[in-house]
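Report on the structure given below.
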Amino acid sequence: MENSEHRSIAVQTFNRCWDLLEGDRSPEADRELVMCAFTSRYHWLQVGGPRQFAIADWMVSRAYATTGQGALAVEWAELAQAQTADTEPAWMRASMFEGLARAHKATGNTAELNRFRELAITTLAEETNEQDAVHIRTQIEEL
C-alpha cells in the first residue's frame with residue numbers, strides 16, 4: 001500500500017470517528033467508533049510521526065471512554081499523554097490532559113477527572129494561538 005493510501009485511510013477513519021461521536025449512540029455505532037479509531041491508528045503508524053501517534057491514541061481513548069470502557073480509556077489516554085509530555089504546542093499537551101480527564105470520568109474517578117481537567121485548563125492557558133485553543137477548550141467544557 002502506498003503511503004498516500006495509508007494517510008488517506010487514516011484521515012478518513014479519524015473523521016468518521018468524529019461523525020460517530022457527534023451522532024446518536026447505538027451498539028453498532030459504538031463498535032464502529034472503536035473499529036475506526038483503531039483503523040486510523042494503524043494507518044497513522046505506517047506514515048505518521050509522534051504527533052499523529054499521540055492523537056491516534058487519544059482517539060482510541062476517546063472511543064473507549066464514550067463507549068463506557070473506562071479502564072481501556074485510561075490505558076490509551078496514558079499512552080497518548082506520555083508521547084506528548086514535553087512537546088509543543090500547548091494545545092496538544094492540554095488535549096492529552098483532557099483525554100485523561102475524560103477517561104477517568106468514564107471510570108467514575110472524580111478526583112482524577114478534576115485533576116486532569118485542571119491540568120488541561122492550566123496548560124491550555126499557555127497556548128498563544130486562539131484558533132488552536134478553541135477546539136480543546138470546547139472539549140474541556142464538555143467534561
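Every number in this text was worked out from the coordinates using simple rules, so none of it is lab data. Model, not experiment: these values are computed from the prediction. Here the Cβ is made from the backbone with ideal geometry for all residues, glycine too, and neighbour counts use every protein chain on show.
Some values worked out for this structure:
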read-out	value
Qualifying positions in region 23-58 - within 14 Å of the chain's Cα centre (by Cα) and charged (D, E, K, R)	ARG41, ARG51, ASP57
Meets criteria (part of a loop (DSSP other than H, G, I, E, B), more than 15 Å from the chain's Cα centre (by Cα) and more than 19 Å from PHE38 (Cβ to Cβ)) for GLU127	yes
